[in-house]
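For reference, the structure is listed below as structure tokens.
The values are calculated or read from the model by the stated rules, or taken from the named source; none is laboratory data. As the structure is a computational prediction, the values presented were derived from the model and not from experiment. Please note: Cβ atoms are built from the backbone with ideal geometry, for glycine as well, and neighbour counts cover all protein chains shown.
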Amino acid sequence: MAEKIFITGNEAAVRGAVDAGAKIMFGYPITPATEILEGWIAQTVTDKSLQYLQTEDEIAAGFGVLGAVLGGAKAFTASAGIGHVLLQDPVAMAENMRLPFVGIMMQRGGPSTGTVNFSQQEVNLAIHGGNGDSFRIVYSASNVEEMYSLVIKAFSAAWKYRFPTFVLGDGYLGKMKATVELKKLLKPVESKPILSESGAPTWLRNCFSSEEELNTLLNNHITDWEKNKNKIVESESFHTNDARYLVIAHGLVASATKETVLKMRHERIRIGLFRPITLNPFDGEALRTVARGAKHIFIVESAYGQLGTIAKAELAGHNIKAKISQISKPAEGFTPEEILKEIKKHNA
Amino acid sequence: MLSTIPKSWNVKLKPHLFCPGCGHGITFKQLGFAIDGLGIQKEITMGVDIGCSLLAWNFLDVPTIQTHHGRTTPLLVGYKLVKPKRIVISYMGDGAAWGIGLQNIIHAAYRNNPVTVIVINNENFAMTGGQSSYTTLPGTITPTSPVGKSPELGAGFKGPELIRNVAHKDAYIARTTVTNPIHLLSTLKKAILAQKENNNFALVEVLSICPTNWKTGAKASLDMAFEMEKTYPIGEVK
Amino acid sequence: MIDTTKIILAGEGGQGIQTIAKVITEVAAEQGLDVSYIPVFGVEQRGTPSVAFIILSHEKIYYPRFDSADYAIILQKRAVASVLAYINKKTKVVFDSSTVSVRDLPDEAIHSFGIPATQIATEKFTPKAFNLIVAGKLSRVLNLDEDQVWQKIEKLLGKKFKTPEIKEKSRQAYLSGRKYIFELKDFSRPTFQPATGKIIIKNAEKTAQILPERCKGCGICIVKCPVGALKFSDTLGVFATPVPEIDLEKCIACGNCFRFCPDGAIAVEKNKKLK
């Protein structure tokens with residue numbers, strides 16, 4: 001049963017969390033993610049099974065999420081920018097202890113306080129922000145509808161695979177209002193208490209005395225990651241069948257690129273778009289499939305090569321002959337026309 | 001049958017990992033008796049912080065989670081929200097409580113989150129080798145105060161007295177010492193009951209001893225702990 | 001000395017393992033050798049094995065750890081596990097025969113040499129002189145100059161030698177290790193192993209229980225006993241330190257030792273009266 005409504009990305013994220021079975025949110029206000037906290041708190045007024053805590057900082061919010069998760073509740077937080085930086089501490093703990101964690105990060109300009117508007121600069125942070133080996137699932141939403149559907153997916157993935165999971169949005173996506181179709185999940189994944197309440201006690205730690213002990217644990221994480229990453233990866237290939245020109249973009253920039261692709265197709269230019277939906281793990285296989293026919297690849301992002309580094313590593317060593325151009329505009333958005341102009345300039 | 005330990009200790013992992021003469025052991029003795037005495041072992045969920053506290057990650061025969069930097073408190077605040085019937089104990093040293101994680105304790109006390117926080121004040125960063133802490137008294141020689149801690153760096157951080165000023169009116173705040181196990185036991189019991197019976201925040205600072213880093217024998221360690229009471233008075237703070 | 005010597009040194013935290021390593025490596029460095037020393041440490045300060053990797057070489061050393069040792073020095077039974085991987089058939093294994101049995105050593109340890117360091121320290125000097133005896137023997141094996149090593153010990157431990165008598169005794173301990181000659185004998189029954197089981201003492205009114213496997217020898221029970229009924233005995237606890245013994249005639253069963261013991265190693269109780 002699909003319902004069609006007119007809402008903002010932040011509101012869609014709240015709906016997603018509710019429909020995924022989340023029971024409690026911990027958060028600290030930060031633009032442009034504040035409306036997720038506000039929207040969730042509004043839900044708790046009418047639905048008494050839902051709880052929230054507005055914490056003293058994002059670190060407490062993240063650790064509060066972990067506490068609730070240990071108690072068996074689906075919990076989450078939302079933040080952005082410098083708040084996202086602070087959250088990396090509890091997320092690293094979740095990564096070590098394989099605790100499900102969901103964070104919705106509405107990217108804003110950085111580094112530091114930056115701007116409150118828009119960027120795609122939190123990709124590296126979401127993937128590599130911990131002092132570990134980056135076993136995090138990172139989704140990138142490209143429209144308001146995905147702010148709903150990917151939040152639901154994030155809860156499913158986090159609880160199923162037990163890796164911390166981020167949904168990356170941005171300030172535009174959070175504040176913009178659009179008509180969306182909410183496809184409800186029939187059966188949200190189950191959540192059980194992780195700390196025992198009867199029987200033999202569970203003793204959980206993330207600190208170990210010897211290198212060998214920790215290395216053994218991490219090898220188990222690696223095995224799980226490698227075993228499951230092909231089940232997690234997601235991407236979209238848009239008009240790529242005969243594409244001689246290929247754009248790689250994610251999030252809202254990828255949405256803009258779709259308009260560019262359609263315009264250029266109108267001019268009979270054989271161009272397509274590859275859009276990673278998961279930035280980590282990354283659907284390299286799908287990218288290489290569409291890249292093989294291309295003679296020129298354009299990586300377009302509102303950051304200085306964060307997506308570019310990932311994509312280039314996936315393409316390297318696979319006999320892909322296309323020329324690769326990086327088109328970066330850190331902390332600023334692209335209109336479809338700008339992307340078109342940039343592509344033509346680089347292809348001149 | 002004569003027993004040397006509380007029932008709630010995890011007997012399989014004894015001897016425990018704390019040093020000879022460590023105040024953590026004395027505190028856990030009385031914490032164990034408090035839990036035994038109140039008959040609440042099955043209701044307890046324990047959180048231990050980083051530093052020597054983490055050596056207690058499987059000390060008691062109760063579910064336990066280890067975190068760091070004083071975040072044990074917000075983690076247990078989160079846990080308690082979804083498991084209101086559990087009795088949660090947040091156990092940490094003075095570094096986690098009065099330094100890096102201070103604001104988490106302040107706000108848990110301010111909001112009156114029903115969590116019992118136990119702070120072991122041994123006046124140093126013990127696990128990293130005895131460096132100067134906020135609670136280290138002026139003049140003390142440590143690896144980070146090689147000529148004695150300067151009085152300009154503070155006269156000794158009084159955590160409970162600070163928290164008292166912002167804590168919720170019903171919060172329980174007290175200080176006790178390992179040199180008086182009977183007082184230690186009764187204080188710990190009150191702090192647990194504050195949570196269990198009245199759903200209040202509770203904080204107990206325990207003046208402790210650290211023979212390894214203080215480089216003191218049994219008698220000198222206990223004497224030093226008595227000396228600490230001049231700066232950090234024992235009793236109910238709130 | 002061959003061109004490169006790789007040494008692994010392992011004992012219990014608190015035995016002074018790292019002090020031995022510092023003395024040896026600093027002297028070797030002063031002699032112009034290329035030297036590398038790295039302690040391997042866990043989070044605990046006490047109670048887990050303390051291990052040091054040492055490399056002495058006439059050539060440049062690039063990495064502080066290695067796969068196989070030329071010398072493995074094992075000073076506590078619980079430390080054997082930490083060095084197993086580094087012992088092969090060429091490794092010379094030196095062990096404290098008063099705390100480690102030759103049977104605890106792996107089959108590869110063909111060349112093993114016992115030195116009853118704990119026994120010598122306890123009987124002739126003080127238990128704390130243990131690491132000086134080992135430092136003495138190891139410095140002799142490595143051909144390091146007798147005076148130079150002593151000067152280094154003085155420099156590193158000088159503060160602990162509070163009186164000239166303690167200093168002289170320490171020097172004698174060092175020299176006795178230095179002069180110790182490895183003997184061929186039965187090393188299967190160490191004399192200084194921690195006691196096991198429960199020590200139960202009873203009289204008509206009271207029963208006391210002491211658990212050496214938990215006692216770390218901190219002495220708090222002795223200090224807190226109001227009637228002086230406790231003192232250290234010859235029995236050894238888990239860290240090979242002395243365990244208290246109790247005089248039940250003096251004891252008033254006040255419970256102080258029981259309340260204060262951080263390790264749950266002692267309890268006294270009044271016997272229940274039979275009806």
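Data table
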item: Residue satisfying condition, being out of contact with any His (no Cβ under 9 Å at 6 or more places or on another chain) and in a helix (DSSP H, G or I), within set B:LYS42, B:LYS85; result: B:LYS42
item: Number of positions in the stretch B:114-166 that are out of contact with any Ser or Thr (no Cβ under 8 Å at 6 or more places or on another chain) and polar (S, T, N, Q); result: 5
item: Subset tally (residues that are away from chain C (no Cβ under 14 Å), assigned to a loop (DSSP other than H, G, I, E, B) and either closer than 20 Å to C:PRO262 by Cβ or in contact (Cβ under 8 Å) with a residue 24 or more places away in the chain (or both)) for the stretch B:169-217; result: 5
item: Those residues of the stretch C:195-217 which are over 20 Å from the mean Cα position of the chain (by Cα), without any contact (Cβ under 8 Å) to a residue 40 or more places away in the chain and at the interface with chain B (Cβ under 10 Å from one of its Cβ atoms), in sequence order; result: C:LYS198, C:ILE200
item: Listing of strands (runs of 3 or more DSSP E) fully contained in the stretch A:227-303 that carry 3 or more residues being surrounded by fewer than 23 Cβ atoms within 10 Å (Cβ to Cβ); result: A:235-238
item: Residues (of a type in the set (D, E, K, R) and more than 20 Å from C:ALA85 (Cα to Cα)) located in the stretch C:1-33; result: C:ASP3, C:LYS22, C:GLU26, C:GLU30
item: First in the stretch A:288-305 and of a type in the set (Ser, Thr, Tyr), second anywhere and at pLDDT 95 or above and surrounded by fewer than 16 Cβ atoms within 10 Å (Cβ to Cβ), Cβ under 8 Å, 6 or more apart; result: A:SER302/A:GLU332
item: Residue list for the stretch C:151-185, restricted to those being under 21 Å from the mean Cα position of the chain (by Cα), not in a helix (DSSP H, G or I) and not aliphatic (A, V, I, L, M); result: C:PHE161, C:TYR180, C:PHE182, C:GLU183
item: Unmet criterion (only one of (1) loosely packed, with under 15 Cβ neighbours inside 10 Å; (2) away from chain B (no Cβ under 14 Å)) for C:PHE192; result: (1)
item: Residue match in the stretch A:159-182 (condition: surrounded by fewer than 22 Cβ atoms within 10 Å (Cβ to Cβ), of a type in the set (Gly, Ala, Ser) and within 19 Å of A:MET97 (Cα to Cα)); result: no
item: Count - residues of the stretch C:206-238 that are surrounded by fewer than 13 Cβ atoms within 10 Å (Cβ to Cβ) and outside any strand (DSSP E or B); result: 3
item: Candidate set: the stretch B:106-139, residues that are among the hydrophobic types (A, V, I, L, M, F, W, C) and in contact with a strand residue (DSSP E or B) (Cβ under 6 Å, 6 or more places away or on another chain); chosen: the one nearest to the other protein chains (Cβ to nearest Cβ); result: B:VAL115
item: Conditions (1) without any contact (Cβ under 8 Å) to a residue 60 or more places away in the chain; (2) touching a strand residue (DSSP E or B) at 6+ places or on another chain (Cβ under 6 Å); (3) within 11 Å of another protein chain (Cβ to nearest Cβ); (4) not small (Gly, Ala, Ser): number failed by C:VAL268; result: (1)
item: Strands (runs of 3 or more DSSP E) (entirely within the stretch C:21-99) containing at least 3 residues that are free of Cβ contacts under 8 Å to residues at least 12 places away in the same chain and outside the structural domain of C:LEU156 (by TED's automatic domain parsing); result: none
item: Hits in the stretch B:101-126 (condition: among the aliphatic types (A, V, I, L, M), surrounded by 19 or more Cβ atoms within 10 Å (Cβ to Cβ) and under 15 Å from the mean Cα position of the chain (by Cα)); result: B:ILE105, B:VAL115, B:VAL117, B:ILE118, B:VAL119, B:ILE120, B:ALA126
